[in-house]
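Heads up, the thing below is written out as structure tokens.
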Amino acid sequence: MPSARNTKAATELANVSANIIACTRCPRLREYCTALGETKRRAYIDWEYWTLPVPGFGDPNARVLIVGLAPGAHGANRTGRPFTGDGAGYFMYPVLYETGFSNQPDATDRDDGLKLRHARIASICRCAPPADKPTPQEIRNCAPHLAAEIGALPRLRVVVALGRIAFDGYLNFLIAQGVIDSRRHYPFGHGVEHRLPNGMVLLASYHPSLRNTNTGRLNKAMFTKIFVRARELAGLG
């Protein structure tokens, strides 16, 4: 039977997700995502695209938060779930499965049975941006959603930032919360980890985008080490 704490976290996260889905703070992104759902990619011509801002996904009792940049135009913007239905997800979810964070290696749609254990996935921007490049103002507009999501995760111990923008976005959250006063003492690099004044650990990784995985800048062994380390830091063995 779920504990009161578990129920509270799930309820808070449901409210956070509802606020994300209803968000209209960035007209450029809303127009872009809607247009993608109308034109579609030929391979997905029979899909009904999600097109709305994409909420986080995973365990309400997560000890590890995985933070990405933004939904993929024909991935999460199509399926409505982070890293689902695109190349980055096809690379990431098998690693999460092999490291014990998910119940299956495949992520194709919201009804595929995928569940996360001890982990949750969120993003800095909740709408797919043109050319994968949100503006600084769009990132600022979306920051309250990440703050609310983090605030609703009572057992969080580790943040895995996928890419420099996600890494800086989380540091900006810490600055806004008064945890740190500057990003200058926290350099980004694959596998770099920072123990933070509030007891959390920030672990950096290259983003599993096709331009990184297809070029070998990020390979499966490198990515797997990140999540093995995340388990250790989170006290998961």
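The values are calculated or read from the model by the stated rules, or taken from the named source; none is laboratory data. This structure is a prediction, so every number in the text was calculated from the model and none was measured. FYI the Cβ positions are ideal-geometry reconstructions off the backbone, even for glycines, and counts take in every protein chain you see. These area figures cover heavy atoms from the full protein model, side chains too; ligands, DNA and RNA do not enter into them. Shrake-Rupley method; radii C 1.70, N 1.55, O 1.52, S 1.80 Å.
A few comments on the model shown:
- Summing Lys and Arg as +1 and Asp and Glu as -1 over all other residues whose Cβ lies under 12 Å from the Cβ of Thr84 gives a net charge of -2.
- Three-way shape call for region 112-175 based on the alpha-carbon gyration tensor, with the a/c threshold at 1.5: oblate
- Ordering of 229-235, 70-76, 183-189 by packing is 70-76, 229-235, 183-189, highest average first (other Cβ atoms within 10 Å, averaged per residue).
- Think of a 1.4 Å ball rolled over the protein heavy atoms: the chain then has 46 Å² of accessible area per residue.
- Cα-based shape type of the chain, given that a ≥ b ≥ c are square roots of the gyration tensor eigenvalues and the cut on a/c is 1.5: rounded
- Seen from Arg25, the other residues with C-beta closer than 14 Å to its C-beta sum to a net charge of +2, counting Lys and Arg as +1 and Asp and Glu as -1.
- Computed E for Asn6/Val179 - FRET, C-beta separation, R0 25 angstrom, nearest 0.05: 0.45
- Over region 143-237, Cα pairs under 8 Å with separation of 6+ residues give a relative contact order of 29 percent.
- Maximal additional length on extending the Lys220-Gln104 stretch stands at 40.1 nm, based on 0.36 nm per residue less the C-alpha distance.
- Relative contact order of region 1-123, defined on C-alpha pairs under 8 angstrom at six or more residues apart (%): 25 percent
- Solvent-accessible area, 1.4 Å probe, carbon plus sulfur percent, for the chain: 52 percent
- Under 14 Å, Cβ to Cβ, from Leu69 - net charge with Lys/Arg +1 and Asp/Glu -1: 0
- Rounded if a/c under 1.5, otherwise prolate or oblate - region 36-138, Cα gyration tensor axes: oblate
- For the pair Arg140 and Val192, a Förster radius of 25 Å applied to the C-beta separation gives a FRET efficiency near 0.50, rounded to the nearest 0.05.
- Only Cα pairs under 8 Å and 6+ residues apart enter the sum, and on that basis the relative contact order of the chain stands at 21 percent.
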